[in-house]
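Chemist: Quick one: the structure is below, questions incoming.
Rule-based calculations on the coordinates, nothing more; no lab input. Values in this document were obtained by computation on a predicted structure and should not be read as measured data. Using ideal geometry, Cβ is built from the backbone for each residue, glycine included, and neighbour counts are taken over all protein chains shown.
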Amino acid sequence: MNRSVLRKLYPKGNYFMQGDEAIAYGAIFAGCKFYAGYPITPASEIAETMARELPKVGGYYVQMEDEIGSIAAIIGASWTGLKSMTATSGPGFSLMQENIGYAIMTETPIVVVDVQRSGPSTGQATKGAQGDFFQARWGTHGDHPAIAISPSSVEECFWTTIDAFNLSEKFRMPIIILADGIIGHMREQIRIPDPEEVEVIERRLPQNEEEAKLPFGGDLIPPMPIFGRGYFTHVTGSTHKETGMRDVYTPSVHDKLVRRLHEKIEKHKKEIVKWEEKFTDDAEILVVSWGVSAKPSLCAVLRARSEGIKAGFFRLKTVHPFPSERISKLSKKVRAIIVPEMNLGQLIIEVQRFVNDDVRLIGVNKIGGVPITSEEVYNAIKEVV
Amino acid sequence: MSKYRMLKYLRQEVLPTTMCLGCGGGTVLNIFANAVDELGIDPKDLVMVSGIGCSAWIPSPYFKADTLHTTHGRPIAFATGIKVGLPDKYVVVISGDGDLAGIGGNHLLHAARRNIDIAVILVNNFIHGMTGGQVAPTTPFGAKTTTTPYGNIEHPLNISETVAAAGASYVARWTTANPFMLLKSIKKALTKKGFALVEVISQCPVQFGQRNKLRSAPDMLRWFLKNSVPLKKAMKMSPEELEGKIVIGEFIDRERVEFVEELNKIIRGVYVNAD
Ligand SMILES: Cc1ncc(C[n+]2csc(CCOP(=O)(O)OP(=O)(O)O)c2C)c(N)n1
C-alpha cells in the first residue's frame, strides 16, 4: 500500500463517522484491494464506502448477485494475491457458511464482516443484536478452527479490521469480524492515524519453485503460491495432500490436514487472543462482556466501584478462540460472574465451560433491538453483592 | 499413451482419470487441450476453475495450470474474483449442467449480464452424474432418472438461449459428436473479449444412457447426431417440430463492453497519484 496515497486521501486527525465506515477505512489502511458484497442492513454502508473509496487506492469493488457469490469472489481474488473482504449481516452470513469452510480448508486469507442484526430469519432487520456468537464459531460444517474478533466502539472498528487482515494474512485463513448494527450505525469521533503507525502484515509467498511445491504442508503455515506466477497450483476444498492433490481415501491424510489447520491457531493462541480487563486484581464480582454490550458493562462496574463494590470488568476483543485460561484463572478469585449480551445467552455458555461450579453465573440478556443499559448491568451487580 | 500429443498439458502423476468408460469428459478435455495448443497459449497464462461434479473433474486436477476446484455451483463466482485480479490471464470454467445451470444458475446469468471476460465450458450430460443419476434442470421431458422413476415431468432449461439473452458476448452449443466445431468454438471462446459460453452436450452412458435406452457411448453419440438440428434450420421450424431436438451452432457472437475493463477505467479516472 502506497502510504503517501493514504496520507493524501485521509490525512491523520479526528473524524466523525459510523462504525461501518470505520471498518471500510480500516480495510483500506490494511491494504484491502478487493471487495465483493451484496446489500444488507445494517452492513450496506461498508459496501457503499468501499465502492466510493477503493478505486481511489487502485482497488476493486464488485457487487455480486448474492452473498454466496460475494464470498466466492473474494476467495478467488485472494488467490490472485489481492487482500479481499466482504461484509454482510445475519441472513447473508448464513449463506456464506459453506464457503467459509472452503476458505478454511484451502487456507485462503479473507476477511468476513458480520454486522449482526436481530434474528432468527429476517427478524428485526434494522436492529442490532449479538446472536451470531456461535454461528461465527460453528456456522460451517465439520471440524474447523475459527478466529472471530469483535469491536466495541467506532474507533475499534477501524483497528479491529486492520487486525483481521493481519491475522488472515499471517495464518492463511478467513477472519470474522463480529460487529453489530448498533456500533455499525453509531457515529463517534475517531482518530485516523498516519499510515506509518499502522502495522500491515503481508502473506508469505514462495521464494522459489521448490517452496511452491507444498502449498498445504511442510510448514505449519505454508507459503501461498498465488495464481498467475507459473506455479501450477492446485487448490481444492476436498481433503488434499501437502501438494494440494486430492486424497479423500487415506484416513491419515485427512487427519493430518485437519489437525494442522487447528494447530496453526492453537499454537499461536497467545498471540491471537486479545482482551481488555479493568479492576480484576481484587474483583469479587466479574462482568464479562463483548461488543456493543461492553460499554454499559464498564459504566456499571465504574458505578459499583464508586460505591465500594469490588466489581471487575472483562471484555473479549477476540471471541474465538475463547480466552479460556484467563477466564478460568479469574473465576477462581470471584464469587459471581455477570455476562451481559444482546441475545438469550451465548457467550455465557462458553464462560460456563471454564468456571467452577461454586461461582454464580448470571446472564443479563436482552433481545428486541434495544441495547443493554448500564442500569441493567448495575442492578445485576447489586443483586449478588 | 506416451504418444498422445496433449500429454504435456496434463498432470501426468494423477492419471489415469476417474472418468467412466465412454464418458464424454475425455473428449472435452482432449478438445480443450487441442484448443490451447492451436492457440499457442502458455498454460502459465491459464487459470482453470471448476465446481463439483464429474464434469468439474475434467480440468481439475488433470489440466496442468493453476486450478481452483471450488464448491458446488460457484465456480463462476470464484472466477469473477480471479479475473479481476488477473485480467491478463485466460480464466476458464469447466463444469457440469447441474453445477453451472442448476445450483449455480444465478451466477451464470449474472456473469453473462456483466459480460466478464471468462470462458465457460458447460458440459451438459442431462443429469446429476456424480451423485448417481438424479434429474437435473437439463433432463429431457419424460426421461427416466433415479429421482424421476415415472419419467421427468419438468421441462429442460435452454441454457445457451438463456445465456445469450442474459448478455454474453459469445454462445455456442455443440455435442461431443461434433468435435471439430467444438474445437473451433472453444478457441473462439478463449479469445473472445467478454463472457463466452460453450455448451457441450455430452454423453453419460452410465447414469443417463442406460436408463433411457441408450446403452453405450456410441449409442448416445449416434442419438446426438440424429437429433441435432443446425441453428439456421431450427429457426424455420415450429416449437413442436423442435421438441426433443438438440439445436447446435453459434447462438451469439458480438462485441460488448467488458466488465473488468470498465472496472479499470473507473480506477484510472479516480486513482489518486500522490507523487
Ligand atoms: C451444496 C452441495 N449440494 C450438493 C452436493 C452434491 N453433489 C455433488 S456433485 C452433484 C451433481 C453434479 O451434477 P453436474 O454438475 O450436472 O455434473 P456431472 O456429475 O453430471 O458431470 C451434486 C448434487 C454438493 N457437493 N454440494
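Chemist: Which of the lysines could a cross-linker bridge to residue A:256, judged by Cα under 21 Å and excluding same-chain residues fewer than eight apart?
Modeler: Of all the lysines, those that pass the test against residue A:256 - Cα under 21 Å, at least 8 places apart if same chain - are A:170, A:213, A:241, A:264, A:267, A:269.
Chemist: Over what distance in Å are the Cα centres of region B:214-275 and region B:94-164 separated?
Modeler: So the separation of the two Cα centres works out to 14 Å.
Chemist: Something else about it: Which residue, A:116, A:207, A:130, tops the fluctuation ranking in a GNM of chain A built on C-alpha contacts under 10 Å?
Modeler: In this elastic network of chain A, the residue with the biggest mean-square fluctuation among A:116, A:207, A:130 is A:207.
Chemist: What three numbers, in Å, describe the spread of the alpha carbons of region B:111-151 along their principal axes, ordered from the longest?
Modeler: 41, 20, 11
Chemist: Another one. So how do B:147, A:236, B:162 line up by other beta-carbon neighbours within 10 Å, fewest first?
Modeler: So the ranking, lowest neighbour count to highest, is B:147, B:162, A:236.
Chemist: How many Cβ atoms of partner chains, on average, are near each residue of A:224-235 if near means within 10 Å of its Cβ?
Modeler: 6
Chemist: Same structure, new question: For residue A:337, what residues show an amide H to amide H distance below 5 Å, using hydrogens built from the backbone and excluding near sequence neighbours?
Modeler: Excluding prolines and chain starts, which carry no amide H, the hits are A:286, A:360, A:361, A:362.
Chemist: Continuing with the same structure: Counting only other residues whose beta carbon sits under 12 Å from that of residue B:62, what net charge do I get with K and R as +1, D and E as -1?
Modeler: It works out to a net charge of +2.
Chemist: Among B:235, B:19, B:181, whose mean-square fluctuation peaks in a Gaussian network model of chain B (Cα, cutoff 10 Å)?
Modeler: Looking only at B:235, B:19, B:181, the biggest GNM fluctuation is shown by B:235.
Chemist: Which percent of the Cα-Cα distances in region A:3-197 go past 29 Å?
Modeler: For region A:3-197, the fraction of Cα-Cα distances above 29 Å is 13 percent.
Chemist: DSSP loop (so not H, G, I, E, B), at most 16 other Cβ within 10 Å: list which GluC sites (Glu not before Pro) in region B:171-260 pass both filters.
Modeler: Of the GluC sites (Glu not before Pro), the ones in loops of region B:171-260 whose Cβ has at most 16 other Cβ atoms within 10 Å are B:243, B:255.
Chemist: In region A:240-319, what GluC sites (Glu not before Pro) fall in a loop by DSSP, with at most 15 other Cβ atoms inside 10 Å?
Modeler: Answer in residue order: A:284, A:307.
Chemist: Under the Karplus relation 6.51 cos²θ - 1.76 cosθ + 1.60, θ = phi - 60°, what is the ordered set of whole-Hz ³J(HN,Hα) values for region A:293-310, x standing for Gly and Pro?
Modeler: 3J(HN,Hα) across region A:293-310, in whole Hz: 7, 6, 4, x, 5, 5, 4, 5, 5, 4, 5, 4, 4, 5, 9, x, 7, 7.
Chemist: Tell me which of A:93, A:73, A:134 sits at the most positive position along the dipole axis of the protein assembly as shown, charges placed on C-beta atoms (Lys, Arg +1; Asp, Glu -1).
Modeler: Result: A:73, furthest along the dipole toward the positive end.
Chemist: Give or take rounding to whole Å, what are the principal axis extents of the alpha carbon atoms in region B:212-267, in descending order?
Modeler: 56, 30, 14
Chemist: If you fit an axis through the alpha-carbon atoms of helix A:251-266 and take the longest principal axis of the Cα set of chain A, what angle between them do you get, 0 to 90°, nearest 10?
Modeler: The angle comes out at about 50 degrees.
Chemist: Counting every Cα pair in region B:166-237, what percent are over 16 Å apart?
Modeler: Roughly 58 percent, rounded to a whole number.
Chemist: For region A:209-270, I need the span (max minus min coordinate) of the C-alpha atoms along each principal axis, in Å, sorted largest to smallest.
Modeler: Here the spans come out as 34, 32, 18 Å, largest first.
Chemist: So, one more: Tally Lys/Arg at +1 and Asp/Glu at -1 over every other residue whose Cβ is under 10 Å from the Cβ of residue B:213; what's the total?
Modeler: That sum, taken over residues with Cβ under 10 Å, equals +2.
Chemist: Taking H as built 1.01 Å from N, whose amide H comes closer than 5 Å to the amide H of residue A:60, not counting residues under 5 places away?
Modeler: Long-range HN contacts for residue A:60: A:34, A:35.
Chemist: Given region B:37-165, what whole percent of its Cα pairs are spread farther than 18 Å?
Modeler: More than 18 Å apart: 53 percent of the Cα pairs in region B:37-165.
Chemist: Provide, in order from the shortest bin, the percent of all Cα-Cα pairs of the protein assembly as shown in each 20 Å bin, continuing until the bin that contains the maximum pair distance.
Modeler: 18, 46, 27, 8, 0
Chemist: Can I ask one more? Between beta-carbons, use under 12 Å as the cut-off and find the net charge around residue B:245, counting Lys and Arg +1, Asp and Glu -1.
Modeler: Spelling it out: positives minus negatives among the neighbours equals 0.
Chemist: DSSP loop (so not H, G, I, E, B), at most 15 other Cβ within 10 Å: list which trypsin sites (Lys or Arg not before Pro) in region B:221-273 pass both filters.
Modeler: Those that pass, being in a loop and sparsely packed, are B:236, B:245, B:254, B:256.
Chemist: Still on this structure: Rank the residues A:117, A:360, A:315 as a footprinting-exposure proxy: fewest other Cβ atoms within 10 Å of their Cβ go first.
Modeler: Least to most surrounded, the residues fall as A:360, A:315, A:117.
Chemist: Continuing with the same structure: List the lysines whose alpha-carbon lies under 20 Å from that of residue A:295, not counting same-chain residues fewer than 8 positions away?
Modeler: A:127, A:274, A:278, A:310, A:317, A:366, A:382
Chemist: Sticking with this structure for a sec: In degrees, nearest 10, range 0 to 90: what is the angle between the Cα axis of helix A:90-105 and the longest Cα principal axis of chain A?
Modeler: Computed tilt is about 50 degrees.
Chemist: Then there's this: As a check on your grasp of the helix formula, calculate [θ] at 222 nm for chain B: sum -39500 (n - 2.57) over DSSP H runs of n ≥ 4, divide by the residue count, round to the nearest 500.
Modeler: Computed mean residue ellipticity for chain B: -9500 deg cm²/dmol.
Chemist: Here's a follow-up. Taking the mean number of other Cβ atoms within 10 Å as a proxy for protection, how do you rank A:363-370, A:176-183 from highest to lowest?
Modeler: So the order, starting with the most tightly packed, is A:176-183, A:363-370.
Chemist: Continuing with this model, one more query. Any idea what Rg and Dmax come out to for region A:80-146 if you just take the C-alpha atoms, in Å?
Modeler: When restricted to Cα atoms, region A:80-146 yields Rg and Dmax of 12.5, 38 Å.
Chemist: Under the rule of at least 5 residues apart or a separate chain, name every residue whose amide H is placed under 5 Å from the amide H of residue B:175.
Modeler: B:201
Chemist: Related question: Residue-wise, which Karplus ³J(HN,Hα) couplings in Hz belong to region B:55-69, taking 6.51 cos²θ - 1.76 cosθ + 1.60, θ = phi - 60°, and x for glycine or proline?
Modeler: 5, 5, 7, 4, x, 10, x, 5, 7, 7, 8, 5, 10, 10, 9
Chemist: Right, next: Note down, for region A:139-280, the three equivalent ellipsoid semi-axes (square root of 5 times each alpha carbon gyration tensor eigenvalue), biggest first, whole angstrom.
Modeler: Three semi-axes, in Å: 34, 19, 14.
Chemist: Separation of region A:1-48 and region B:1-54 by C-alpha centroid, Å?
Modeler: 43 Å
Chemist: Enumerate the whole-percent occupancy of each 10 Å bin, from 0 to the last occupied one, for all C-alpha pair distances of chain A.
Modeler: 5, 24, 31, 25, 12, 3, 0
Chemist: May I pose another question? Relative to the first principal axis of the alpha-carbon coordinates of chain B, what is the inclination of helix B:259-270, with its axis defined by its Cα atoms, in degrees from 0 to 90 and to the nearest 10?
Modeler: Long axis of B:259-270 versus the principal axis of chain B: about 20 degrees.
Chemist: So, one more: Would you list the P(r) distribution for region A:276-383, with all Cα-Cα distances sorted into 10 Å bins from 0 and each bin expressed as a whole %?
Modeler: For region A:276-383, the pair-distance distribution reads 16, 55, 28, 2.
Chemist: For the residues B:93, B:270, what sequence is obtained by ranking on other C-beta atoms within 10 Å, fewest first?
Modeler: If I rank by nearby Cβ atoms, fewest first, I get B:270, B:93.
Chemist: Follow-up question, since we're still on this one. Normalise the Cα radius of gyration of chain B by 2.2 N^0.38 Å (N = residues in it) and let me know the number.
Modeler: 1.00
Chemist: Assign one of three labels to region A:1-81, namely rounded, prolate or oblate, based on the Cα gyration tensor with a ≥ b ≥ c the square roots of its eigenvalues; rounded applies when a/c is under 1.5, prolate when it is not and a/b is larger than b/c, and oblate otherwise.
Modeler: The shape class here is oblate.
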